[in-house]
Amino acid sequence: QVQLVESGGGLVQAGGSLRLSCAASGRTFGPYAMGWFRQAPGKEREFVGSISWTGVVSYRDSVKGRFIISRPNAKNTVYLQMNNLKLEDTAVYFCVAAETTGQVQRLDNVGSWGQGTQVTVSS
């Protein structure tokens, strides 16, 4: 299985930016998708965005135009650039991976989870 380690969370004012990083190790020979889920207090864990083995991206509607997922050619690292952060973006963000040529957008399709990193957006 793929092991995931993420970093980059923190406290930021509304309108600011953060970049999350996730490094994969273990069974990384591919193909596998990588992506991000998040969970706010009292809410269900939800899909944020993902990027396929070939670099196709997908986002939930609420982050389109603000968040950017990238995956360098090494393919074992994924970034989530978060711009124009809003209060409702406050959550624990989890890096995920799944052995698929497509996307990882469903909880039941996630193969590996990162430990989570807290993102707090303040006013």
Problem set entry | Pairs of alpha carbons in the chain whose separation is greater than 25 Å (percent) | 15 percent
Seminar exercise, completed: Quick calc, the chain, dipole around Cα centre from Cβ unit charges on Lys, Arg (+) and Asp, Glu (-), nearest 20 debye, gives 180 debye
For this session: On a C-alpha basis, how far is the centre of the stretch 1-16 from the centre of the stretch 30-74 in Å? Whole number, if you could?
Result: 12 Å
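In terms of solvent-accessible area of protein heavy atoms at a 1.4 angstrom probe, what is the ranking of Trp36, Trp53, Trp113, highest value first?
Details: Trp36 0, Trp53 55, Trp113 90 Å².
Order by accessible area, largest first: Trp113, Trp53, Trp36.
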For this session: Would you please name the trypsin sites (Lys or Arg not before Pro) within the stretch 37-123 that are DSSP coil residues with at most 11 other C-beta atoms within 10 Å of their C-beta?
Result: Lys43, Lys64, Arg106
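Carbon and sulfur together cover what percent of the accessible area of the chain at a 1.4 Å probe radius? Each step should come with its number before you reach the end.
On the way: 2940 of 6060 Å².
Accessible surface attributable to carbon and sulfur in the chain totals 48 percent.
Give me the 1.4 Å probe accessible area per residue for the chain, excluding ligands and nucleic acids, in Å². Don't skip to the end; give the middle numbers.
Details: 6060 Å² over 123 residues.
That works out to 49 Å² for each residue.
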Problem set entry | Those lysines that a straight Cα-Cα span of less than 30 Å connects to Lys75, excepting residues fewer than 8 apart in one chain | Lys64, Lys86
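The values are calculated or read from the model by the stated rules, or taken from the named source; none is laboratory data. All values reported here derive from a predicted model rather than from experimental measurement. Cβ coordinates were reconstructed from backbone atoms using ideal geometry, including for glycine residues, and neighbour counts include every protein chain displayed. Ligands, DNA and RNA are excluded from the accessible area calculation, which covers all protein heavy atoms including side chains. Shrake-Rupley method; radii C 1.70, N 1.55, O 1.52, S 1.80 Å.
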